Amino acid sequence: MDRREKANYYLDIAETVLERGTCLRRNYGALIVNNDEIISTGYAGAPRGRKNCTDLGFCTREMQSIPRGTMYEKCRSVHAEANAIISAKRSDMIGATLYLVGKEKSTGLYIENANSCMMCKRLIINAGIETIIIRDDRDNYRHIDVCDWVYYDDSLDEHIGY
């Protein structure tokens, strides 16, 4: 019997988590794993007690034609990575791996070149998470070393040396 390889096993779980997402544009699922134990999960959705975009029937960012990767302050949702992080103890996240899967709501296709936003990158760094694994398609994924996000600081102007 062929067993699903471990990274894809965890990505499959993160993909199931994203189905709880309430974003009308893109849904992400995040899973934090440390020492082969699931620490927490998270999906994109409005803060507790607030109406989700699916409840409202509209997306503010879409109505304003805000392009992907910009002006996240206009979004109602807490990102999947952030929700997973706030649901876990920091001591459990140190050295952990975060598995991330994103899909377009309109097509159900995997998000091309998916990655964490700058704010989520900061949270991931401070949480002590060591590795990110992002699904590109059903069987393929990328590994990202979080230390690269520290070293190649994308919050600095590109003209500043490292």
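The values are calculated or read from the model by the stated rules, or taken from the named source; none is laboratory data. Please read all numbers here as calculations on a predicted model, not as lab measurements. Positions of Cβ are generated from backbone atoms using ideal geometry, with glycine treated the same way; all protein chains shown enter the neighbour counts. Surface accessibility is based on the protein's heavy atoms, side chains included, excluding ligands, DNA and RNA. Shrake-Rupley method; radii C 1.70, N 1.55, O 1.52, S 1.80 Å.
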So who's got an amide H within less than 5 Å of the one on Tyr141, skipping anything under 5 residues away but keeping other chains? H placed 1.01 Å off N, in plane.
Asp136
Simple spin-label estimate for Gln64 and Met118 in nanometres, 7 Å along Cα-Cβ
1.6 nm
Which of the peptides 65-75, 32-42, 11-21, 139-149 is most tightly packed, and how do the rest follow, judged by the mean count of other Cβ atoms within 10 Å per residue?
11-21, 32-42, 139-149, 65-75
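With every protein chain present, what is the per residue accessible area of the stretch 64-162 (1.4 Å probe, Å²)? Before the final figure, lay out the partial values.
Working: 5870 Å² over 99 residues.
On a per-residue basis, 59 Å².
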Starting at the first residue of the stretch 85-100, write each ³J(HN,Hα) from the Karplus equation 6.51 cos²θ - 1.76 cosθ + 1.60 with θ = phi - 60°, in whole Hz, x for Gly and Pro.
5, 6, 9, 10, 7, 4, 4, 7, 8, 5, x, 7, 10, 9, 9, 9
Where Lys and Arg each count +1 and Asp and Glu each count -1, what net charge lies around Met63 among other residues with Cβ under 14 Å from its Cβ?
+3
Taking Lys74 as the anchor, which lysines have their alpha carbon closer than 19 Å to its alpha carbon, excluding any fewer than eight residues away along the same chain?
Lys51, Lys105, Lys121
Given H placed on each backbone N at 1.01 Å, which residues far from Ile111 in sequence or on other chains put an amide H within less than 5 Å of it?
Gly102, Lys103, Glu104
Probe radius 1.4 Å, ligands and nucleic acids ignored: give me the carbon and sulfur share of the accessible area of the chain as a rounded percent.
48 percent
Can you figure out the FRET efficiency of Asp153 with Asp55, using R₀ = 41 Å and their beta-carbon distance, to the nearest 0.05?
0.65
Can you give the three extents of the C-alpha atoms in the stretch 57-162 along their principal axes, from longest to shortest, in whole Å?
39, 36, 27
For the stretch 1-41, report the accessible area per residue in Å² (1.4 Å probe, heavy atoms, rounded to an integer).
57 Å²
